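Structure below; questions to follow.
The values are calculated or read from the model by the stated rules, or taken from the named source; none is laboratory data. Please read these numbers as outputs of a predicted model, since none were measured by experiment. Because the Cβ atoms are built from the backbone with ideal geometry, glycine has one as well, and the counts that use them run over all protein chains shown. Please note that ligands, DNA and RNA were not included when accessible areas were found on the heavy atoms of the full protein model with its side chains. Shrake-Rupley method; radii C 1.70, N 1.55, O 1.52, S 1.80 Å.
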Amino acid sequence: MNHRAKFFQLAVYIILSISLITFPLTAYSQTKSAKTEKIRIGTAISLSGPYSAGAGMTQIPNYNMWVEEVNAKGGLLIKKLNKRVPVELITYDDKSDIGTAVKLGEKLILEEKGDLLLPPWGTAMHFAIAPVINKYGYPVMGPTVSSENLREIALKVPYFFGILNMPREQGAALADLLEELGVKRVALIYVADAYGIEWTGKVAPDLGIKKIDVVIFKSYPGDVKDLSPLLKTIKAADVDALLCMSYPGDTFLITKQAKELGLNPKVLYLGVGVAFPVYKQMFGGPNVIEGIMGAGAWNPRVAYPGAKEYFERHVKRWKTEPDRWASAFTYASLQILEQSIEKVGSIDRKKIRDTIATQTFPTVIGPVRFEGGFNVQSPGEIGQWQKGEFEVVAAKEKRTAKPIFPKPSWP
Amino acid sequence: MSLTLLLDILIGGLMMGGLYALIAVGLSLQYGVARVLNVSHGEFIMLGAFATYSLYILFGINPLLSLVVTGPLIFIVGFLIHRTLFKRLKRLSPTMDAFEGGSLLASFGLLFIIQNVALLIWGPDVKGYSYLSKTVSFLGALYAANRLVALLFAILIGIIFYYFLKRTRMGKAIRAAAQDVTTAQLMGVNINFVLGLCFGLGALMAGIAGSLTSMMFEITPLIGLPYTIISIIAVVLGGLGNILGSLIGGLILGLIGNIVMYIHPGLSLIAYYIIFLLLLLIKPTGIFGK
Amino acid sequence: MRRAISKKIFYCMLFSLCSILMAMIPPYVSPYTIILLNSIFMYIVLTVSWALFSGPTHYLSLASAAFFGLGIYVSAILGEMLPLLAVIALGGFISFLLALLVGLSSLRLRGMYFTIFTFGLSELIRHSVQWWEVNKTGTVGRWVIGVDHTTVYYVMLGILLITLATTYAIKHSKYGLALLSIGESEEAADHIGISVNTLKIITFAISTFFMGATGAIMATRWSYIDSSIAFNPLFSFMPVLMAIFGGVGSIFGQILGAGVLTLLADFLLTKFPYYYMLLYGMILVVVVLFVPKGLTGLKEELKRWREGGSVNPGRKDGASIHPE
């Protein structure tokens, strides 16, 4: 081997040795940074990997915006210190990998000694960190988790709260709506993920109770590229409604391919992603998605104080609208956090947890109250795109518009 | 089973198969000739897809036309990578096995690098555009126009490449190198250039496939690896080192995948792996292998 | 130079000393250090057990994730019914059995074929388990009984010590030599009278025992697992990378490689969340191009460079991933 290569080798060896030595030192110095000067809030969330699209849409902008708003006021109000303390947000990338999420959660708690933690994206990720945040006593409200399994373990994880609509109520709302519209035969497809399995598991029995026939019932992998065979089969089956418990990637795919194939059931319902602002434009404009229904129901016109202003602030800050489902829930969870800290007067995590568990909080999604660890203010909510706005069509009492039925043909 | 459904499955399968065939030929060039099992092959597909996407969104350039620009670019990138990375590695490796192992690892490194760079440039969100998405009726079934175009394009490229291999001097040189590198060298082939050329052509195939993909599907920086796996399976199916065999391998995989998809969407990948493993156990040299 | 004590006794003493020291530290370090050490132990075991078979024979296996994941699932399914140590032993044994099966079926495959076969197998298992859990049992994601980090530490330490001892014993026995000769030339080894197939399969299976046992205990660390976590292909690639990085030929090199890269990953993940894949990829390329014999090889090269004399890229002590 020539000398140049050996020199390279030597350089590599030296660089690695130096990094190996400096690493423990830098890590050590991190934990020594003064604690009372800032409130450190950590989050390990998906900046890369399949979950990053959802995280980047729904949670990350809200986290950052909230921190900015709080710091613009001087920080969070800590009554015990009689002053406001600024907030620092530490963001790690969990790579959409559960093992990494757990490890980073522990790192934020044990090494970074964060004061508070904000949750990652997606049902599976919330499952992963629930034991961790509970073990070390960090109260967390999950805005992108929806699973009945959590209800079962809720007693074991008192520090964990679910704020998003739960499958049981969503399923019931959807089934009620379909019954009201007179739907008789449906195709039910779902993404092969905890979320898809759970929601389908709840909706299917409800449909059965209402004597609605599920003629097609299939799952598909999360990274599916082409669902046209399945959609063609569904078209041939001539169902009244196509219900898809889908994640953003497949939501977009199904919409696109359904249009291409001329699949036009009377009701088209999709999962996560319908409420995203890009959904309005990506198929050629709002008129194309007229009548499509999706999970969630919130728009800037809902009658909750601060909703419209939040919407406008988000647009101003990020040049894009918040999504019309979990974004609002995320922001609401941050409002609750802020209000709890003010009520408690300090960063006492146990007291904050107890406050969240017992009080009612005014937020952009309405007055939120947790019972048994779950938000009872927002039972099933379904939205439908009508003339460029995502109107609330279920539950019936919360409607901002009547549902359009049947869905108009693809333009 | 109605004739329409059968036709539907067949044509749909061939559409994906055409894409797979392109990708498989690309990998086959890289492995069969340059002996690099390039696990970052899919990343070039991804790059081609994003390049086309960016040109369309930013400048409104027709995706098919933009191939004139993106194609040569990706080819050059592939060529340079071979020249700088793999050629050097070849020089340092005492045996062919050593080189294959080392290039496998180096291409893993490339995979990480390219994916991260793409993530930094374009971000992790799903991106897509609409092009020729009108539905057309073909032999009684409905397809998106862009799929038919992609299939035609793949066939065109395939035919051009076939003639290139069989009729041109460079094509002969490539085939000679695929059979036996040392002999080819003895016969006067500028082997370093040919190896680099093959690697570049492999990247080019991937890039073209990527462009076609971006017309039909939404894209993210993560779409590469599944295609790489499919191309490896197709190459093994056709016989390692048999360039045209891998083309057939790709078509077969596309067909099988589509058939399985009608049964259950989640089973296609499992079906591919089962075929792959059985093939390795029964006839590792592939259907057309020597 | 005559040694006062033989190399073997020296290593035994060093080994015992280190074991005792490692066993004593948990009360004195922060909880996160224990978690980090658990990760390091895990990767050392995966790397050393991978290199036990793939090192000398040059059969690059990319199926480590399959056996590791199997151990995880054993823990997830049986964790509530059996005591911890039983679950771990079972994780190891079931992996052993699966490895026997895999070995028997892939006897004829060499080189790249063997490698992609093992990879395909691992992926097939991952996707099949997931499909089954989604469509048949509806249980994507399982909860694992949690075990506190210190217990995990002691168990992992135990597995680590057993793995190192076993590997050392095999390597320095006639079987170790036999494995090396298989790596040099399988036909020649066969001619000498080595029962090549038996040795290959048994060694492969032994190596996977440790992977399975490790999976069983590490599952408790994650509490919630599904097939994409358990059979994550990274658990197959990383041991290979770590072994090559540290130097495939020596156990010390493997330990070094695993330790350094795990620390590096932890460091990069938190300090450069947007770039760590890029950096990792670059390290991989640099290692393959410039440091093919790993860190330990580098040390030898430096020594030789200093002492002068010609540089010999090929060495016959199995110190490289490549057959010489």
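When we measure straight from the Cα of B:Lys134, which aspartates and glutamates land under 13 angstrom away, once same-chain ones fewer than 8 places off are left out?
A:Glu260
For B:Tyr227, A:Tyr136, A:Tyr51, give me the order by solvent-accessible area with a 1.4 Å probe, most accessible first, ignoring ligands, DNA and RNA.
A:Tyr136, A:Tyr51, B:Tyr227
Okay, next question. With a cut-off of 16 Å, note down the residues of segment B:216-245 whose backbone N falls inside the zone around a label point 7 Å from the Cα of C:Arg108 toward its beta carbon.
B:237, B:239-240
Decide, for segment A:238-357, between rounded, prolate and oblate: order the square roots of the alpha carbon gyration tensor eigenvalues as a ≥ b ≥ c, take rounded if a/c falls under 1.5, and otherwise choose prolate if a/b is larger than b/c, else oblate.
The shape class here is prolate.
Heavy atoms only, probe 1.4 angstrom, no DNA, RNA or ligands counted: give me A:Lys398, A:Lys407 ranked by accessible area, highest first.
Details: A:Lys398 60, A:Lys407 10 Å².
From most accessible down to least: A:Lys398, A:Lys407.
Lys and Arg at +1, Asp and Glu at -1: add these up for the other residues within a Cβ distance under 13 Å of B:Pro124 and post the number.
Working: positive: A:Lys95, B:Lys127; negative: A:Asp93, A:Asp94, B:Asp125, B:Glu218.
For residues surrounding B:Pro124, the net value is -2.
Next up: Hey, rough spin-label estimate for A:Asp238 and A:Tyr136, points 7 angstrom out along Cα→Cβ, what's it come to in nanometres?
Once both label points are built, they end up 6.0 nm from each other.
Which three extents, in angstrom, do the Cα atoms of segment C:101-149 have along their principal axes, listed largest first?
40, 33, 17
For segment C:178-270, what value does the Rg/Rh ratio take when both radii are computed over Cα atoms and Rh is the Kirkwood radius, given to two decimals?
Here the Rg-to-Rh quotient is 1.08.
Considering the alpha-carbon set of chain A alone, what are its Rg and its Dmax in angstrom?
Calculated on Cα positions, Rg and Dmax stand at 23.2, 81 Å.
While we're looking at this one, here's another question. From the gyration tensor of the Cα coordinates in segment B:82-213, what semi-axes in whole Å does the equivalent ellipsoid have, largest first, with each one equal to sqrt(5λ)?
Working from the Cα gyration tensor, I get semi-axes of 35, 24, 10 Å.
Quick one: if the Förster radius is 51 Å, what FRET efficiency do B:Leu58 and C:His191 give, using the C-beta to C-beta distance and rounding to 0.05?
The computed FRET efficiency comes out at 0.20.
Measure nothing but the geometry: give the 0 to 90° angle between the long axis through the Cα atoms of C:84-105 and the longest principal axis through the Cα atoms of chain C, rounded to 10°.
Between helix and principal axis, roughly 60 degrees.
What angle, in degrees between 0 and 90 and rounded to the nearest 10, separates the Cα long axis of helix B:268-282 from the longest principal axis of the Cα atoms of chain B?
40 degrees
In a shell of Cβ-Cβ distance under 9 Å around B:Lys166, excluding B:Lys166 itself, what net charge do Lys and Arg (+1) and Asp and Glu (-1) give?
In short, +3.
Given R₀ = 22 Å, what would the calculated FRET efficiency be for A:Glu389 paired with A:Ser409, taking r from the Cβ atoms and rounding to 0.05?
The calculated FRET efficiency here is 0.60.
Something else: Give, as ranges by residue number, the residues of segment B:249-273 whose backbone N falls under 19 Å from the point 7 Å along Cα→Cβ of B:Phe288.
So the set is B:249-257.
Under 1.5 on a/c is rounded, so check that first for segment C:2-307, then, if it is not, pick prolate when a/b is larger than b/c and oblate when it is not; a ≥ b ≥ c are the square roots of the alpha carbon gyration tensor eigenvalues.
rounded
Using a Cα-Cα cut-off of under 14 Å, which aspartates and glutamates could be cross-linked to A:Lys266, ignoring same-chain neighbours fewer than 8 residues away?
A:Glu179, A:Glu180, A:Asp238, A:Asp240, A:Glu290
Return a whole-number percent for the relative contact order of chain A, with Cα pairs under 8 Å and 6 or more residues apart as the contact set.
Relative contact order comes out at 16 percent.
Specify, per residue and in Å³, the volume enclosed by the convex hull of the alpha carbon atoms belonging to the protein assembly as shown. Please list the in-between numbers first.
Working: hull volume 177.9 nm³, N = 1025.
Spread over its residues, the Cα hull of the protein assembly as shown gives 174 Å³ apiece.
Where does helix B:145-167 land angle-wise versus the long Cα axis of chain B, in degrees 0 to 90, nearest 10?
So the inclination is approximately 30 degrees.
Could I ask something else about it? Compute and list, largest first, the equivalent-ellipsoid semi-axes of chain B from the alpha carbon gyration tensor, each √(5λ) rounded to a whole angstrom.
The three semi-axes for chain B are 30, 23, 18 Å.
Next question, about the same structure. Within segment C:187-202, list the residues whose amide N lies under 17 Å from a label point set 7 Å along Cα→Cβ of C:Lys174.
Inside the label zone: C:189-200.
What FRET efficiency comes out for A:Leu155 versus B:Leu120 if R0 is 35 angstrom and r is the Cβ-Cβ distance? Round to the nearest 0.05.
E between A:Leu155 and B:Leu120, to the nearest 0.05, is 0.20.
Cα to Cα, under 18 Å, and not fewer than 8 places away if on the same chain: which lysines meet these conditions relative to A:Lys308?
Excluding near neighbours in sequence, the set is A:Lys316, A:Lys319, A:Lys398.
Rounded to the nearest 10 Å², what accessible area does A:Lys95 have for a 1.4 Å probe in the complete protein model?
The value for A:Lys95 is about 60 Å².
List, in the order given, every pair from A:Lys107/A:Lys135; A:Lys280/A:Lys407; C:Lys174/C:Lys200; C:Lys171/C:Lys303 whose Cα-Cα distance in the structure shown is over 18 Å.
Working: A:Lys107/A:Lys135 13 Å; A:Lys280/A:Lys407 16 Å; C:Lys174/C:Lys200 14 Å; C:Lys171/C:Lys303 25 Å.
From A:Lys107/A:Lys135; A:Lys280/A:Lys407; C:Lys174/C:Lys200; C:Lys171/C:Lys303, over 18 Å: C:Lys171/C:Lys303.
Sorted by average packing, counted as other Cβ atoms within 10 angstrom per residue and highest first, what order do C:125-133, A:71-79, C:179-187 take?
C:125-133, C:179-187, A:71-79
Further question: What is the spin-label model distance, in nm, from A:Glu309 to C:Val29 if the labels are put 7 Å beyond Cα along the C-beta direction?
Result: 5.1 nm between the two label points.
Let me ask something additional. Keeping all protein chains in place and using 1.4 angstrom, which order do B:Ile243, C:Ile77 fall into by accessible surface area, from largest down?
Largest accessible area first, the residues go C:Ile77, B:Ile243.
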